[in-house]
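For reference, the structure discussed in these notes is given below.
Nothing in this text is a laboratory measurement; each read-out follows from the coordinates by a stated rule. Keep in mind that what you see is a predicted model, and the values were worked out from it rather than measured. Please note: Cβ atoms are built from the backbone with ideal geometry, for glycine as well, and neighbour counts cover all protein chains shown.
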Amino acid sequence: MAISRPTGSRTRLVVLLLASVTLLTFGVRDVPVIRDVREGVGTVVDPVVGAVQAAARPLGNAWNGITDYGNLEDENAELRDRLAQLEGDRVAATDAETQFAELSRSVDLPYVGDVPTVAARVSSGPRSNFSHAVEIDKGTDDGIAVGMPVATGGGLVGRVSRASGSTATVELLSDPEFRVGVRLAEGGELGTARGQGRGEPLAVDTGIDPDTEVAEGTGLVTSGVDRSAYPAGIPVGEVTKTREGSGGLALDLVVEPLVDVDSLSYVTVLQWTGDE
Amino acid sequence: MRPRRRFVLAKTVLVLIGALLLQIGAVADLRLLGATGDLLLLLAVAAGWVDGPDRGLSWGFAAGLAYDLVLDTPFGLSALTYAVVGYAVGLVSVALSRPAGWWPVSIAALAGVLATGIYAGVGHLVGVPYPFGDLPPVALVVAAWNAVLILPVMRLMRRLVGAQKPDRIALVLGGRR
């Protein structure tokens, strides 16, 4: 049986698909209008979402208790062991910290120097299955702006990708769109690291000379070169593997991030916008 | 616009906003294998199944667009994905004359897998390479959520759109309401 589709419906199909593709084109280019609209919506929606989250927290806790029960038992035992060990390390660390702070002041490292910081709590994880961003409970009211680097004591976490009055979104370094200029802690070679998804290591596949000798365990820090989006010296990760890049033009590095971005509770936003 | 249509439109907007707030305020934190369900996709699937491809398309576009507004992923990607999935589910629903039983549950689960594939595939095309290793757990969890929730969401959808005119494609293809 030959079936003819109604004209109105076909028009709607074409119009909506074209509209989607057009929006996607603008979205991929991150045009300012869309960014502004998203920020506006965030300003309105975020406080309501906060209330919904507070109401749903018992449900979330119960869910995590059920789905993570086995892991929690193991984690609890492991944490007890680690706590005992850390107690011992604490005294030694205090002394080392004092010396390090003094040294940092004397060499004026930007990361630990006079960049003002804002501590924030991670209020919720990624909002969708394909999102690599978390929400924090501080926003423009606290001096946070789009583009500011976010770190923990361990190292770089990501950057602020959206900020409204009382909340902000942090793009994590696991995001496939995330890029950061890095420098080898030993040797000083510069390259660019990019995210490869949740639980995956970072990839450095541009910038490192193929003849460079890079040992496993070599640390990477943000390069902080001119116009970099990050100040120099923020620890990023450690090299776990090296291999020849495609065409032999660069050395590819597999880098394990120092911070587990899937289990963040608190982060520090560096009020650094690159103009300094 | 007639008062009744305005009323339906207002209810539709309320359902979309409610689903969006529930999704990002509660469901997004209920993770299994690192993935979570997707209420906005579920609305598109239910609309397609209950009311045909035309409405599946419209609901998918609207729900995806609403979701895109609060995400950091490329704007328009959810709208495109959910519109295509809503339309496809509508076509299947009409072609099979909307069978009951396990059919809607199975189709909703398949729609979850399809949506995951389309989202990641189009993402790759536009230069956002979502890792393929992330996809199986995401597809599995979205399919499971869809399968569990599709029947109550279909009931909600029937109550919401029941008073509207039948889907035009469904009429032409001879689908029963």
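For this structure, a couple of remarks:
- Candidates per GluC sites (Glu not before Pro) in region A:128-224, loop by DSSP, up to 16 other Cβ within 10 Å: A:GLU186, A:GLU213, A:GLU216
- Which of A:GLY153, A:GLY143, A:PRO201, positive extreme of dipole for region A:132-276 (C-beta unit charges): A:GLY143
- Over the residues of chain A, the helix contribution to mean residue ellipticity at 222 nm works out to -13000 deg cm²/dmol, using -39500 (n - 2.57) for each DSSP H run of at least 4.
- Neighbourhood charge, 10 Å Cβ-Cβ cut-off, centred on A:GLY195 and excluding it, Lys, Arg +1 and Asp, Glu -1: -1
- Net charge in the neighbourhood of A:GLY219 (other residues with Cβ under 9 Å of its Cβ; Lys, Arg +1, Asp, Glu -1) is -2.
- Of B:VAL50, B:VAL153, B:VAL85, the one that fluctuates the most in a GNM where chain B has Cα springs shorter than 10 Å: B:VAL153
- Separation of alpha-carbon centers, region A:207-261 and region B:73-151, rounded to whole Å: 37 Å
- Extension gain, A:GLU216-A:THR240: 0.36 nm per intervening residue step, less the Cα-Cα distance, totals 8.1 nm.
- Model label zone, A:ASP141; criterion: amide N under 18 Å from point 7 Å along Cα-to-beta-carbon; scope region A:34-53: A:39-53
- Per-residue Karplus couplings for region A:184-197, computed as 6.51 cos²θ - 1.76 cosθ + 1.60 with θ equal to phi - 60°, are listed in order as 5, 4, 10, x, x, 4, 9, x, 10, 9, 9, x, 10, x Hz, Gly and Pro entered as x.
- Amide hydrogen proximity for A:VAL122: with H placed 1.01 Å from N in the peptide plane, the residues at 5 or more positions away or on another chain lying under 5 Å are A:TYR266, A:VAL267.
- For the residues B:LEU33, B:LEU91, B:LEU110, a GNM of chain B with alpha-carbon springs under 10 Å puts the largest fluctuation on B:LEU33.
- Comparing mean-square fluctuations of A:VAL21, A:VAL261, A:VAL214 from a GNM of chain A with C-alpha springs under 10 Å, the top value falls on A:VAL21.
- Degrees separating the helix B:103-125 axis from the principal Cα axis of chain B, which is the longest one: 50 degrees
- Remark: chain B carries a charge dipole of roughly 1140 debye about the Cα centre, counting +1 on each Lys and Arg Cβ and -1 on each Asp and Glu Cβ.
- Fully extended contour minus Cα-Cα distance, from A:ASN71 to A:VAL21, at 0.36 nm per residue: 13.7 nm
- The charge dipole of the protein assembly as shown, taken about its Cα centre with unit charges on the Cβ atoms of Lys, Arg (+1), Asp and Glu (-1) only, comes to about 4400 debye.
- Loop-located chymotrypsin sites (Phe, Trp or Tyr not before Pro) across region B:1-101 with a Cβ neighbour count of 10 or fewer within 10 Å are lacking, with loop assigned by DSSP.
- Helical mean residue ellipticity (222 nm; -39500 (n - 2.57) per DSSP H run of 4+; nearest 500) of chain B: -24500 deg cm²/dmol
- Assigned charges on the beta-carbon of Lys, Arg, Asp, Glu; region A:121-258 dipole about Cα centre (debye): 560 debye
- Inter-chain Cβ neighbour count for A:23-35, averaged per residue, equals 5 (cutoff 10 Å, partner chain atoms only).
- Averaged over the residues of peptide A:169-178, the number of Cβ atoms from other protein chains lying within 10 Å of each residue's Cβ is 3.
- With Cα atoms, 0 to 90° folded angle of helix A:69-107 axis to chain A main axis: 60 degrees
- Between A:VAL122, A:PRO231, B:LEU77, the Cα set farthest toward the positive side of the dipole of the protein assembly as shown (charges on each charged residue's Cβ, about the Cα centre) is that of B:LEU77.
- Once exposed loop trypsin sites (Lys or Arg not before Pro) are cut out (DSSP; at most 12 other Cβ, 10 Å), longest piece of chain A: A:30-226
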